[in-house]
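Can you keep this structure in mind? I'll have questions shortly.
The values are calculated or read from the model by the stated rules, or taken from the named source; none is laboratory data. Being a predicted model, the structure only gives us computed values, none of them experimental. Virtual Cβ from ideal backbone geometry, glycine too; neighbours counted across all protein chains shown. What goes into the accessible areas is simple: the full protein's heavy atoms, side chains included, and nothing from ligands, DNA or RNA. Shrake-Rupley method; radii C 1.70, N 1.55, O 1.52, S 1.80 Å.
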There are 2 protein chains.
Amino acid sequence: MIKPKVIKVKKDILHKNNELAATNRALLAKTGVVALNLVSSPGSGKTSLLEFTLTNLGRELKMAVIEGDQQTDNDARRIAATGVAVVQLNTQSACHLDAAMTKRAIDETDLDALDLLFIENVGNLVCPAGYDLGERMKIALLSVTEGEDKPAKYPKMFRNAEVMVITKIDLLPYLDFDMSACLDYAGRVNPDLKVFLLSTKTGEGCSAWLDFLRALVKEA
Amino acid sequence: MIKPKVIKVKKDILHKNNELAATNRALLAKTGVVALNLVSSPGSGKTSLLEFTLTNLGRELKMAVIEGDQQTDNDARRIAATGVAVVQLNTQSACHLDAAMTKRAIDETDLDALDLLFIENVGNLVCPAGYDLGERMKIALLSVTEGEDKPAKYPKMFRNAEVMVITKIDLLPYLDFDMSACLDYAGRVNPDLKVFLLSTKTGEGCSAWLDFLRALVKEA
């Protein structure tokens with residue numbers, strides 16, 4: 001077996017948006033709105049989790065959604081179909097939301113009428129990790145089809161998140177996904193990470209997720 | 001139903017690496033090496049496709065791999081296990097490979113001994129789209145678990161690729177993936193896109209992929 005050569009490449013990424021994120025955070029705190037920044041690879045199930053959540057908590061909590069996508073308003077239309085207010089941000093070439101874009105969307109939102117504000121970031125397990133939008137916390141989704149080593153390979157995202165939601169667990173019987181290895185990788189990157197395992201298709205594991213959101217709003 | 005508000009956010013991404021990519025391209029052409037830049041979301045199956053390809057073409061073609069990851073040498077170890085030479089590039093915080101990193105890896109590679117050089121980019125459906133590494137072509141993978149609308153939502157990647165490989169088709173019976181919608185989205189973004197549908201788990205569709213690689217080497 002040939003030993004791989006390893007070259008380290010360092011690169012700085014500029015963070016100029018922290019001040020604006022602090023402004024967003026202060027505004028959200030003042031109005032008592034819990035803002036959650038949903039981050040993951042493309043297709044991990046962020047929009048499906050939102051559809052499930054909005055449908056199941058719609059009678060209890062006042063919610064709105066900011067949708068980040070490079071192109072299309074597909075996701076915003078899926079959210080709007082649940083009857084919840086949604087603002088679509090099309091980032092064009094940009095690979096993540098930033099605090100300035102978020103501010104523009106917040107300005108379109110009636111915060112006084114809200115308990116929970118979901119921000120669905122651009123599908124990207126790398127770049128959104130470094131950008132504070134002013135959210136209460138980042139919630140990182142990982143679908144079981146992506147493989148168990150993603151928390152180790154993209155550690156910044158799972159380190160900067162407070163919650164990991166492992167999605168699509170209904171597919172586990174058809175995959176070689178090693179759940180205990182995944183949880184071990186995640187725990188090594190972020191020992192404080194709170195984890196949910198669920199499938200919005202079957203509903204398995206979803207009640208714990210909904211209870212978690214209810215508790216967040218209650219604490220706010 | 002509430003109509004979503006749409007805000008357009010424009011952002012420039014700098015491209016300073018085109019000159020160096022041209023240098024890489026000239027060097028690869030001079031030595032008759034076909035370099036393929038594999039791009040996709042995290043967990044779409046780039047490494048699995050490489051393992052399958054290296055194992056099945058190892059007696060016919062001389063191949064090497066450059067592995068791009070933020071962290072870990074997991075993928076490089078998987079490739080090395082096939083007996084093929086591999087250079088791991090750890091990009092740390094960077095969200096894509098660039099021509100300079102690629103140059104450093106090429107310098108570690110014996111091009112005269114090669115037919116095919118695979119470059120496995122960082123798992124990211126956004127940022128690698130804008131970076132020319134000097135490759136012969138970009139090959140974009142999309143796993144059926146990610147949903148059929150990804151070519152529309154991340155159009156730059158599928159526009160800049162010459163080939164789309166739809167992976168994990170063995171999972172189709174367990175998903176609500178609309179293949180014809182996917183091909184329609186992809187065709188609208190890039191009418192010239194060549195498409196392969198395959199599963200490296202069952203081998204279905206893989207012979208067409210291997211024939212495509214053989215033909216690329218023959219033409220070089």
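List the residues whose amide H sits under 5 Å from the amide H of B:Asp115, counting only those 5 or more places along or on another chain, with H placed 1.01 Å from N in the peptide plane.
Distant-sequence amide H within range of B:Asp115: B:Lys62, B:Met63.
For the pair A:Arg159/A:Asp112, report the inter-label distance in nm, with labels modelled 7 Å from Cα in the Cβ direction.
Rounded to a tenth, the inter-label distance reads 4.2 nm.
Only Cα pairs within less than 10 Å get springs; with that Gaussian network setup on chain A, which residue of A:Ala81, A:Ala105, A:Ala22 has the largest fluctuation?
Its mean-square fluctuation being the largest, the pick is A:Ala81.
Okay, next question. Using amide H atoms built in the peptide plane, which far-off residues or other-chain residues are under 5 Å from B:Ile66 H to H?
Result for B:Ile66 returns B:Val87, B:Phe118, B:Ile119, B:Glu120.
If you don't mind, another one. Hey, got the dipole for chain B? About the Cα centre, +1 on K and R Cβ, -1 on D and E Cβ, debye to the nearest 20? Present the calculation step by step, with values, prior to reporting the outcome.
Values: 27 positive and 29 negative charges, 153 e Å.
About 740 debye.
I would also like to ask the following. Taking springs between alpha-carbon atoms closer than 10 angstrom, which of B:Ser199, B:Ser207, B:Ser40 fluctuates most in the Gaussian network model of chain B?
So, out of B:Ser199, B:Ser207, B:Ser40, the one fluctuating most is B:Ser207.
Next up: Would you work out if the protein assembly as shown is rounded, prolate or oblate? Take a ≥ b ≥ c from the square roots of the eigenvalues of the alpha-carbon gyration tensor; rounded if a/c is under 1.5, else prolate when a/b is larger than b/c, oblate otherwise.
prolate
Going by a ≥ b ≥ c, the root eigenvalues of the Cα gyration tensor, does the range B:161-210 fall in the rounded group (a/c under 1.5), the prolate group (a/b larger than b/c) or the oblate group?
oblate
At the nearest 100 Å², what buried accessible area, both sides summed, do you get for B and A when the probe is 1.4 Å? Walk me through the intermediate numbers first.
Working: alone 11690 and 11690 Å², together 17660 Å².
Approximately 5700 Å² gets buried when B meets A.
Moving to a separate point now. In this model, which of B:Lys103/B:Lys150; A:Lys138/B:Lys138; A:Lys46/B:Lys168; B:Lys46/B:Lys153 are farther than 25 Å apart at the alpha-carbon?
Long pairs (Cα-Cα over 25 Å): B:Lys103/B:Lys150; A:Lys138/B:Lys138.
Sequence neighbours fewer than 8 away in the same chain don't count; with that in mind, list the aspartates and glutamates whose C-alpha is under 19 Å from A:Lys218.
Output for A:Lys218: A:Glu60, A:Asp112, A:Asp115, A:Glu135, A:Glu162.
Still on this model: With each pseudo-label sitting 7 Å past Cα toward Cβ, what's the A:Arg77-A:Asn18 distance in nm, one decimal?
4.1 nm
Determine the order of B:Met179, B:Met157 by accessible area, beginning with the largest, at a probe radius of 1.4 Å.
Heavy-atom accessible area, descending, gives B:Met179, B:Met157.
Express the accessible area of the range A:118-220 per residue in Å², computed with a 1.4 Å probe while the remaining protein chains stay in the model.
On a per-residue basis, the range A:118-220 sits at 37 Å².
Oh, and also: Before rounding to the nearest 500, sum -39500 (n - 2.57) across all DSSP H runs of length at least 4 in chain A and divide by the residue total; then give [θ] at 222 nm in deg cm²/dmol. Numbers along the way, then the final one.
Values: 8 runs with 76 residues, N = 220.
Estimated from H runs of four or more residues: -10000 deg cm²/dmol.
Can you tell me the orientation of helix A:179-189 relative to chain A, as the angle in degrees between its alpha-carbon axis and the longest Cα principal axis, to the nearest 10?
Once rounded, the angle reads 80 degrees.
While we're here: Can you give the accessible area of A:Glu219, probe radius 1.4 Å, in Å² rounded to 10?
140 Å²
By how many nm would the segment from B:Tyr174 to B:Ala100 lengthen if fully extended, with 0.36 nm per residue of separation less the alpha-carbon distance?
22.4 nm
Suppose you put the label 7 Å out from Cα in the Cβ direction; list, shortest first and in nm with one decimal, how far A:Ser207 is from each other copy's label.
5.2
Write out the cysteines belonging to chain B for which the nearest other cysteine Cβ is not under 4.7 Å, or none if no such cysteine exists.
B:Cys182, B:Cys206
Starting at the first residue of the range A:73-82, write each ³J(HN,Hα) from the Karplus equation 6.51 cos²θ - 1.76 cosθ + 1.60 with θ = phi - 60°, in whole Hz, x for Gly and Pro.
Values, residue by residue: 10, 3, 5, 4, 5, 5, 5, 4, 5, 7 Hz.
Ok, one more. Taking the C-alpha atoms of the range B:92-146, how large are the radius of gyration and the largest Cα-Cα span, Dmax, in Å?
When restricted to the Cα atoms of the range B:92-146, Rg and Dmax are 12.7, 39 Å.
Quick one: which residues, 5+ away or cross-chain, put their amide H under 5 Å from the amide H of B:Val195? H built at 1.01 Å from N.
Counting only residues 5 or more places away or on other chains, the set is B:Met164.
Now for a different question. For the range B:132-142, take each phi angle, set θ = phi - 60°, evaluate the Karplus expression 6.51 cos²θ - 1.76 cosθ + 1.60, and give the result in whole Hz per residue in order, putting x for glycine and proline.
7, 9, x, 6, 5, 6, 8, 10, 9, 9, 9
Considering Cα pairs under 8 angstrom that are at least six residues apart, work out the relative contact order of chain A and quote it in whole percent.
Computed over chain A, the figure is 24 percent.
Sorted by accessible area (1.4 Å probe), largest first, how do B:Lys168, A:Lys156 line up?
A:Lys156, B:Lys168
Looking at the square roots a ≥ b ≥ c of the eigenvalues of the Cα gyration tensor of the range B:133-220, which shape do they give, rounded for a/c under 1.5, prolate if a/b is larger than b/c, or oblate?
Since a/c reaches 1.5 but b/c is at least a/b, the shape of the range B:133-220 is classed as oblate.
Could you give the spread of the C-alpha atoms of the range A:1-160 along their three principal axes, from largest to smallest, in whole angstroms?
60, 35, 26
Calculate the length of the line joining the C-alpha centroid of the range B:80-125 to that of the range A:99-163, in whole Å.
With the range B:80-125 and the range A:99-163 each reduced to a Cα centre, they are spaced 30 Å.
Each residue of the range B:93-105 in turn: what ³J(HN,Hα) in whole Hz from Karplus with 6.51, -1.76, 1.60 and θ = phi - 60°, glycine and Pro shown as x?
Values per residue, Gly and Pro as x: 7, 6, 9, 6, 7, 10, 5, 5, 4, 4, 4, 4, 6 Hz.
A further question follows. Of all accessible surface on the range A:139-195 at a 1.4 Å probe, what whole percent is carbon and sulfur?
Accessible surface attributable to carbon and sulfur in the range A:139-195 totals 46 percent.
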